[in-house]
Amino acid sequence: MTEYWNRELETLPWPEVERWQAGQVTAMLPALRRRSRLYARLHAGVAVDVAVRSAADLAALPLTLKDDLRAAQDDASDDQPFGANQAVPRDAIVQAISSSGTTGRPLYYALTARDVETFADAVANVWFTAGVRQGDIVAHLVGLPMVAGGLPYADGFRRVGATLCWLGGLPSERILREMRHLRVTTLLATTSFALHLAEQWDEIGRATGIASSLRKVLGGGEPGMGQPELRRRISEGLRLGHVRDTMGLGDVIPSLWGECEAQDGMHFNGQRYVMVELIDPETGQAAPWREGASGEIVYSAFARDATPVVRYRSRDHAVVVATTCACGRTSPRIRCVGRTDDMLIYKGMNVFPTAIRDLVVERFGSRIEPLLRLWKTSREQVRFDDAIAVEVEASAALADAARADLARAIEDTVRAQLQVRIAVSVLERGGLPRSAYKNALVAVREP
Ligand SMILES: [Zn+2]
C-alpha cells in the first residue's frame with residue numbers, strides 16, 4: 001500500500017491538478033503585478049483580465065529568465081535589498097537564500113514566514129516520496145546553511161519527522177565516522193559523494209567497529225543518479241537497494257521532484273505550490289507531458305510571497321520517462337539530462353556533457369570509475385573546434401600502453417556515437433574530485 005504525503009493532489013488525475021493550479025495562477029496575477037516591480041514590467045503587455053484556465057493558457061504570459069532576476073537584483077535599495085522582485089516589505093522577510101553561484105554571481109531569494117512553511121512542506125513531500133520516514137536518521141551533507149540545499153532541505157527532513165544530522169561542512173573522513181556513530185539510516189548526497197562513500201564505507205566500519213545502519217540513499221545537487229552503472233556501484237558498495245534521485249531549484253523550491261519505489265524517474269511533487277511546464281528551449285513552445293518527450297522545465301510558483309517567479313526557465317533539460325506509475329501518483333516522471341546552459345557545440349553538433357558521460361560509463365564502466373571531467377578554456381566557452389578534453393579514472397592500475405589503448409577506445413566510441421571528438425586522459429583511481437555538494441562535470445582551465 002503506497003503512502004502519500006499529500007494523497008489528494010498526488011493521486012488526482014494530472015489534467016485536474018493542472019486545472020486547479022491554473023486557477024491559483026490566475027488568482028495571484030493582479031497582486032503579483034502590484035507587489036513586484038519586475039513583474040509589473042514583464043507583464044506590462046499582458047491583458048489585465050487574462051485568465052489561465054489550463055496549462056496551455058500559460059503561453060499568454062512571458063517567460064522569466066535568470067537574467068531578468070539578475071537585473072532585478074541589481075536594482076536594489078536599502079528598503080529592497082532583494083531588488084525589483086522583492087514583493088513584500090523588508091520587515092516581512094525572515095530568511096535569505098543564496099544560489100550556489102556555480103553559473104555566475106549568486107542570486108538571493110527572500111522568504112517570508114509563510115514561504116518557509118511552503119518550502120518545508122514541499123521539500124518534505126519529495127523526501128517522503130523518496131522513502132524518508134519518521135524514525136530515519138538522516139545525514140545531511142550540504143555544507144552551507146544559506147544555499148537552497150542547506151536550511152530548506154534540513155527543514156524538510158524535520159517536517160517528515162526524521163532525525164536531522166547536519167554533517168555538511170565537516171571533513172569527509174569525520175562525516176563517515178559520525179555516520180557510523182549516529183547510526184545513520186539515510187543519506188542525502190551528490191552522486192559523486194555517494195560513490196566515494198561506497199568505496200570507503202567498509203573501511204570506516206572496521207575502524208569504528210559499528211555495523212552499518214544505512215538503508216537509503218537520496219541523490220541531490222547534481223544529475224547522475226539516473227545512470228544505471230552509478231546506481232549499481234552505490235547499491236553494491238553500501239549493500240542497499242534503496243537509491244532515489246531528487247531534484248529542485250533554489251529559485252523556485254529547492255526540492256520538487258523525487259523518485260518513488262519504482263526507482264525509475266522522478267515524480268513532480270510540488271503540485272500544491274508550483275505549476276510545471278515542459279518547453280522546447282529553442283522555440284519556447286510548450287511540449288506535452290508524453291513518454292519520451294524532452295525539453296526544458298518551466299516553473300510558475302503561485303504560492304511564493306517574497307520573491308515570486310512565474311514561467312521561470314529552469315535551464316534544466318528533462319526527458320519524460322512515464323506519465324503513469326504503479327505507485328498511483330499521477331504526476332509525470334522525468335530524468336534530468338543536464339542544464340541547457342551546459343550544452344556544448346562541437347563543430348555545429350549539440351551535445352550535453354552528461355550524454356558523453358553516460359555513454360562512456362555505459363560502455364567502459366567495467367574499466368573506469370563512473371565519473372568524468374570535461375575541460376573548457378573559459379566559463380563562457382560553448383563552441384569547440386578542437387577535441388574536447390575529457391578526464392576519466394581507471395578502476396585498476398594500468399600500464400602506459402593499456403592506458404593509451406583505453407583512451408583511444410573511448411575517443412572512438414564517442415566519435416562514432418555522438419559525432420563529437422574528445423581527447424581522453426586516463427587518471428589513476430581517485431584522481432577526480434568527489435565533493436559533498438555540486439560536483440562539476442565541466443571545469444574551466446585557462447590555456
Ligand atoms: Zn511512482
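The values are calculated or read from the model by the stated rules, or taken from the named source; none is laboratory data. These figures come from a predicted structure and were not determined experimentally. Cβ sites come from the backbone with ideal geometry, for glycine too, and all protein chains shown count toward neighbours. For the accessible areas, the whole protein counts, side chains as well, though only heavy atoms, and no ligand, DNA or RNA atoms are used. Shrake-Rupley method; radii C 1.70, N 1.55, O 1.52, S 1.80 Å.
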Anisotropy class of region 321-410 from Cα gyration tensor, a/c 1.5 cut: oblate
Relative contact order (%) - criterion: Cα under 8 Å, at least six apart; region: the chain: 14 percent
Region 246-333: C-alpha gyration tensor shape, a/c 1.5 cut-off, then a/b vs b/c: oblate
Size of the dipole of the chain about the Cα centre, Lys and Arg at +1 and Asp and Glu at -1 on the beta carbon, nothing else charged, in debye to 20? 420 debye
When the dipole is taken about the Cα centre of region 183-299, and only Lys, Arg (+1) and Asp, Glu (-1) are charged at their Cβ, what size is it in debye, to the nearest 20? 680 debye
Determine, for each peptide in 73-84, 324-335, the mean count of other beta carbons within 10 angstrom over its residues, then list the peptides with the highest first. 324-335, 73-84
Mind listing the phi-derived Karplus ³J(HN,Hα) values for region 36-41, rounded to whole Hz, using 6.51, -1.76 and 1.60 with θ = phi - 60°, and x for any glycine or proline? 10, 5, 4, 6, 4, 6
Just add up the charged neighbours of residue 69: K/R +1, D/E -1, any other residue whose Cβ is under 13 Å from the Cβ of residue 69. +4
Using only the alpha carbons of region 1-140, what is the convex hull's orientation-averaged projected area in square nanometres? 11.2 nm²
Quick check: residue separation of residue 203 and residue 324 times 0.36 nm, minus the Cα distance between them. What number comes out in nm? 39.4 nm
Rounded to the nearest 10, the angle in degrees between the Cα long axis of helix 228-238 and the longest principal axis of the Cα atoms of the chain comes to 70 degrees
Lys, Arg +1 and Asp, Glu -1 on Cβ, resulting dipole of region 1-135 about Cα centre, debye, nearest 20: 200 debye
For the chain, give me the percentage of DSSP beta bridges that are antiparallel, rounded to the nearest 5 percent. 60 percent
Taking a ≥ b ≥ c as the square roots of the eigenvalues of the Cα gyration tensor of region 142-264, is the shape rounded (a/c under 1.5), prolate (a/b larger than b/c) or oblate? oblate
Quick one: what are the phi-derived ³J(HN,Hα) couplings along region 169-183, Karplus 6.51/-1.76/1.60 with θ = phi - 60°, whole Hz, x for glycine and proline? x, 7, x, 4, 4, 5, 4, 5, 5, 4, 4, 5, 5, 7, 6
What is the local net charge at residue 106, summed over the other residues whose Cβ is closer than 12 Å to its Cβ (Lys, Arg +1; Asp, Glu -1)? +2
Divide by every residue of the chain the summed helix terms, -39500 (n - 2.57) for each DSSP H run of at least 4, and state the resulting mean residue ellipticity at 222 nm, rounded to the nearest 500 deg cm²/dmol. -10000 deg cm²/dmol
When the chain is fully extended, how far beyond the present Cα-Cα distance does residue 236 get from residue 114, taking 0.36 nm per residue of separation? 39.7 nm
How big, in percent, is the set of alpha carbon pairs in the chain lying more than 34 Å apart? 34 percent
Can you pull the percent of region 46-146's accessible area that's carbon plus sulfur, 1.4 Å probe, other chains left in place? 55 percent
Residue 74 and residue 293 label points (each 7 Å along its Cα→Cβ direction) are spaced in nm at 3.5 nm
Furthest towards positive pole of dipole, 235, 447, 167, structure part the chain, Cβ charges: 167
